[in-house]
Structures are given as C-alpha cells and as structure tokens.
Amino acid sequence: MEQRHLGHTGLRVSRIGLGTLTWGRDTDEHDAADQLKAFWEAGGTLVDTADVYGAGEAEYVLGRLIDGLVPRQELVIATKAGGVPDPDRRVDGSRGHLLAALDASLERLGTDYVDLWQVHAFDGQTPLEETLQALDLAVSSGRVRYAGVSNFCGWQLAKAATWQLAAPGLRTRLASTQMEYSLLQRGVEREVLPAALDLGVGLLPSSPLGRGVLTGKYRSATPPDSRAASEQWGPFVEPYLDDAASRVVDAVATAADGLASTPLEVALAWVRDRPGVVAPIVGARNAQQLTAALSVEALSLPDEICQALDDVSAPVHRYPDQDWSTL
C-alpha cells in the first residue's frame, strides 16, 4: 500500500487507515485479529483508536494483538483523548485530564508510546494553550511521537496550528486533523481543509463511506443486519438516507458500473485522493468487509468521473466561505 507523509512531518502512514470504533463492543477480539492481520498483510500501517471507544475496550483489544499478531514497530498507532462520558460536559481538554488519559491509554495498549496522539474535540471551557501544552509535554516525555486534533472547526484548527508554529522547537506542530469527510459530508471544504492545507496539517477523514450509505446497501431497503437497522447506530446513519444523499449514491453506483468496480471502491477512492487528504479511516465489521475496502488500492478514478461526482455532491459555498470576487 502506498505511504504518505502526515502533514508537514516525517511520519509516513498507509493511505488507508484501520478504524477500531466498534472493537471490544460489536467486534470481538477474534474478528479484530482477522482485520488487523488482513490490514497489515495488505501493507496497512495506520491503526486509529480512542480511549472512549468501547469505554477503553478498543484500546485493550488492540494492545492484546500488538506483537503477538503484528510487530509493534510495523504499526502507526493513533489514539485520542479528551472525550468523557458526561452528558453535561462531553469534552475535557484540561492538561490534567489529557495526561492522565494518555497514561491509561498506554497501559491498555501495552506500549510505551503512541505514534499519533489526538485531542478528540475542542474544549471551549479550557484555555486552548493549556490543551496544547499537554501535547507538548507528551511529546517531550517520549510517550507520544506526533500530535494532532480531531473535530476542530476551521477557526479552532487555525488557531491551534498557528499557536504551535509560533514557537518552533519548543512547541509540537500539529501533524493531523481527523474530521468526517465523504461525498455525503463535504463541510470540511469550507474552512477546515483550506486551513489544514495552508498550515501543513494532514487530513484523516473519518466515515469516508458516508456512514456506510455510499456502499449502496441502502438503495432498495434497509438490511436487517445493517447499522441503520440497529437501535444504537440507526440515528447515526439516518441523516444520510434522504433524497439528496440518494442522488449521490446513484451517481456513485453509475460510476462503479462504468468502471467495473464497486460503489465502495469509487466512494473511497474519491475521498482518498482529494487535496490535503492523507488517509481515510475505514471501519469494518469483519475481515471480509475490510478486504473489500482495501481493494481500492488498485483504483484511480478518471478525471471525468471525479468531476461528475464533485458536481452531484457539491455543497453550497457562499460568502464568506467562497472567494468574494466570484460572488
């Protein structure tokens, strides 16, 4: 699998990442092992998790598989901290919480360091410089090699990345930002992606298949064993089952037919090769689903197909997101 630099850093990662959102909850250790082995054998290196996935179980399962199944040094392990199971305060970006969360993550993962540590979301109740200082301390202590953020809007990312660049050598530059991005969710193109490109921050798209909708499996009906049919995941998928999304899915299916490919491969190839994108994070229920996603490595979309998909999924960009001179 092709490797790409993560932002303006020396860290190289596979251009498809393996997500672990369901590990330890919907995906047991056996299925997780099959996924990790298939991913590694395909040349994948970037494995993304978080301390809140499965209330810590995802990290624990991944830790049990490291070394015993796949050599630790051949993986780029990324995790997140800052999310908390508190309905009144879903994010805690305080220095104390983040550093304690990092120690707990390292213990569950069974490793001395993580390759990429990400602030899970912006905390408006904590000074941003305090949150970023936790990243600096984690890197200087050797427990973290590279740092990033997740779910920061445009001004939040720009502020954080600029703050870190203001003191080179003393502060750790942001390597990445992880955001939802797909043909069904192109909101990052308004401000997040331009900020990331300008400041040398690599984009790691989550839900690159539109929460599963872009695979085409919901075109005729909702499969009983799908996420949309489950009580837990149904509300997560439902926003992408409207008429506008259906038009995009139909266009993806048409493109797939013309390329003798699958809708999954077309949708994933589109986001993988967008400017600024480093590695879409793909989650799967089993190794068979993951292998289907990894087959995208051999596919590059023709320019005319990309343009057609751009047109059918184009978000509305007006002032001030669009260049004022074109309005």
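The residues in the range 155-169 that are among the polar types (S, T, N, Q), surrounded by 15 or more Cβ atoms within 10 Å (Cβ to Cβ) and closer than 20 Å to THR9 by Cα can be counted, and the count is 1.
Scan the range 1-52 residue by residue and report those that are of a type in the set (A, V, I, L, M), open to solvent by 20 Å² or more (accessible area, probe 1.4 Å) and more than 26 Å from ALA101 (Cα to Cα). Residues satisfying the conditions are MET1, ALA38, ALA42.
Every residue, every condition in (1) free of Cβ contacts under 8 Å to residues at least 12 places away in the same chain; (2) out of contact with any Asp or Glu (no Cβ under 9 Å at 6 or more places or on another chain); (3) under 22 Å from LEU18 (Cβ atoms); (4) open to solvent by 20 Å² or more (accessible area, probe 1.4 Å), yes or no:
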residue	(1), (2), (3), (4)
LEU132	no, yes, no, no
ARG145	no, no, yes, yes
SER150	no, yes, yes, no
CYS153	no, no, no, yes
ARG171	no, no, no, yes
GLU189	no, no, no, yes
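If you go through the range 193-205 and keep only what is closer than 26 Å to LEU264 by Cα and open to solvent by 10 Å² or more (accessible area, probe 1.4 Å), you end up with just LEU193.
Selection of strands (runs of 3 or more DSSP E) fully inside the range 1-109 by the criterion of at least 2 residues being touching a residue at least 60 places away in the same chain (Cβ under 8 Å) and more than 17 Å from the chain's Cα centre (by Cα) returns nothing.
Taking the range 14-49 as the range and being at positive phi and touching a Ser or Thr at 6+ places or on another chain (Cβ under 8 Å) as the test, only GLY43 passes. Which of (1) under 12 Å from VAL144 (Cβ atoms); (2) surrounded by fewer than 24 Cβ atoms within 10 Å (Cβ to Cβ) does GLY63 not meet, given it meets every other one? The single condition GLY63 does not satisfy is (1). Among the criteria (1) open to solvent by 20 Å² or more (accessible area, probe 1.4 Å); (2) under 17 Å from the mean Cα position of the chain (by Cα); (3) under 30 Å from THR22 (Cβ atoms), the one SER176 does not fulfil is (1).
The values are calculated or read from the model by the stated rules, or taken from the named source; none is laboratory data. Since we're looking at a predicted model, the values are computed, not measured. Positions of Cβ are generated from backbone atoms using ideal geometry, with glycine treated the same way; all protein chains shown enter the neighbour counts. Just the protein is used for accessible areas: all its heavy atoms, side chains included, with ligands, DNA and RNA removed. Shrake-Rupley method; radii C 1.70, N 1.55, O 1.52, S 1.80 Å.
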